[in-house]
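Participant: Got a structure here, written out as structure tokens. Questions coming.
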Amino acid sequence: MRRIIAVFLFLFTSLVSHSQKECSQSIYNSRITAVASPVASTNAPVPVTASAEGIQVPVVVHILSNGKGAPVTDEQVQSQIDALNRDFNAQNADLANIPIYFKRVAARVGIRFVLAKVDPSGKPTTGIVRRETSIQTFTLDDRIKFRSKGGDDAWPRDHYLNIWVGPMLSAIHGYSSQPGSAPEIDGVVINSEVFGTLNKRGSYSKGRIAVHELGHWLGLKHIWGDNYCGDDDIDDTPQQKSYNRGCPSGNRVSCGSGSNGDMYMNFMDMTDDACMFMFTEGQKRKMLSVFAPGSPRAVLLNSGALLTDGKPIDPAWGQQTVAAPEKSLTVFPVPATRELRVDIHGPLDRNKRMVVYNMTGQVMMTVEAAKSQVQLDISSLKSGQYILKMENSSASAAAKFVKL
Ligand SMILES: [Zn+2]
């Protein structure tokens with residue numbers, strides 16, 4: 001009987017991870033020591049740009065394929081670009097579904113995404129790069145961003161928004177770097193199964209995983225601030241307890257969200273694609289502020305990626321090699337039952353303190369570890385997903401594991 005229950009639980013957890021929207025942002029962020037960079041306040045002036053329509057962002061899409069699964073076609077890429085432009089310009093028909101009490105804060109962000117016309121050497125391009133890979137599934141370790149690791153190198157981020165699309169662990173739908181991250185990892189990663197609007201994954205077939213991730217790329221936090229009743233630093237989004245999933249209806253009041261309840265139809269919540277359809281004016285100000293003079297994405301306004309004069313954008317392109325970061329924390333097995341083996345590498349090798357969090361951010365265990373390989377007794381944890389984090393003065397890392 002116990003075995004039957006265990007098998008059932010395993011099936012259940014796999015089903016859950018397939019049917020719920022997942023953004024791996026907070027886990028990814030904890031892996032990255034971001035390069036400090038000034039981010040303008042939300043009151044910064046909005047830049048004047050060359051385009052009468054607003055800000056234009058040139059895009060390169062790197063598609064990694066291992067021959068399995070349906071190929072990502074050019075039409076799918078265009079469908080994703082169209083979906084981004086629809087939602088960032090308030091041209092989505094489902095804006096009509098915004099409840100009356102949130103309508104006054106709904107915003108047209110006014111950013112357009114355009115496939116690049118020239119590559120870094122100045123040659124014409126479709127803005128789509130395809131590369132074969134032997135990697136079965138990419139994870140949060142950013143290998144997808146390095147040719148030497150089975151992925152594809154970023155194009156210069158001063159001229160391009162890099163979007164990587166490839167086979168990912170099914171629990172990872174997407175993640176993004178934040179403004180101010182290192183240039184070689186700057187961009188958005190999307191699981192090819194949920195990319196574009198022509199995919200077969202009904203809950204994610206409106207291209208809104210990428211809309212959400214680009215919100216992060218433009219400096220937005222999750223609407224619940226990644227904390228219990230946390231703050232997203234945006235004035236006109238209600239405080240809410242945690243994320244919402246699926247397709248909620250009616251007022252869902254939580255912590256400080258007030259009588260109107262959570263804004264679960266916001267792109268920065270975790271609801272199904274069909275059930276999220278708005279950014280707010282406050283989120284718009286935040287996103288536009290990253291293009292203000294001196295802010296991390298201001299240089300993109302002078303990108304050469306849409307010019308076709310043949311001038312190289314980066315004369316050294318193709319000659320440099322980009323070093324990939326080493327993975328600093330690995331766990332085994334996945335899923336685990338009673339014991340979890342943790343291998344620690346690199347800068348984390350001293351003063352190790354491990355903390356296990358559940359998916360709502362509660363601390364479940366804290367362990368002081370003296371060796372670079374640690375055996376964790378996890379028999380007291382309930383079945384489910386957990387995050388293991390390690391920190392010392394010079395680095396931090398995290399890994400996700402599943403307890404059966
Ligand atoms: Zn997210």
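Every number here is computed from the coordinates shown, using simple stated rules; none is lab data. Computed from a predicted structure; not experimentally measured. When we count neighbours, we look across all protein chains shown, and the Cβ atoms used for this are built from the backbone with ideal geometry, even at glycine.
Participant: Residues of region 177-204 with the amide nitrogen closer than 20 Å to a label point 7 Å from the Cα of Asp74, along Cα-to-Cβ, please.
Facilitator: Zone members listed by number: 195-199.
Participant: If you take the beta carbon distance between Asn302 and Ser379 as r and set R0 to 45 Å, what does 1/(1 + (r/R0)^6) give as a FRET efficiency, to the nearest 0.05?
Facilitator: 0.20
Participant: Multiply the residue separation of Thr330 and Asn358 by 0.36 nm, subtract the distance between their alpha-carbon atoms, and state the gained length in nm to one decimal.
Facilitator: My answer for the length gained is 8.3 nm.
Participant: Right, next: Compute the distance in nm between two label points, each set 7 Å from the Cα along the Cα-to-Cβ direction, one at Thr126 and one at Met365.
Facilitator: 4.9 nm
Participant: Let me ask something additional. Under a crude label model (7 Å from the Cα following the beta-carbon direction), how far is Cys247 from Arg108 in nanometres?
Facilitator: About 2.8 nm separates the two model spin labels.
Participant: Assuming R0 = 35 Å, what is the FRET efficiency of Asp94 and Asn227, from their Cβ-Cβ distance, to the nearest 0.05?
Facilitator: Plugging the Cβ-Cβ distance into 1/(1 + (r/R0)^6) gives 0.75.
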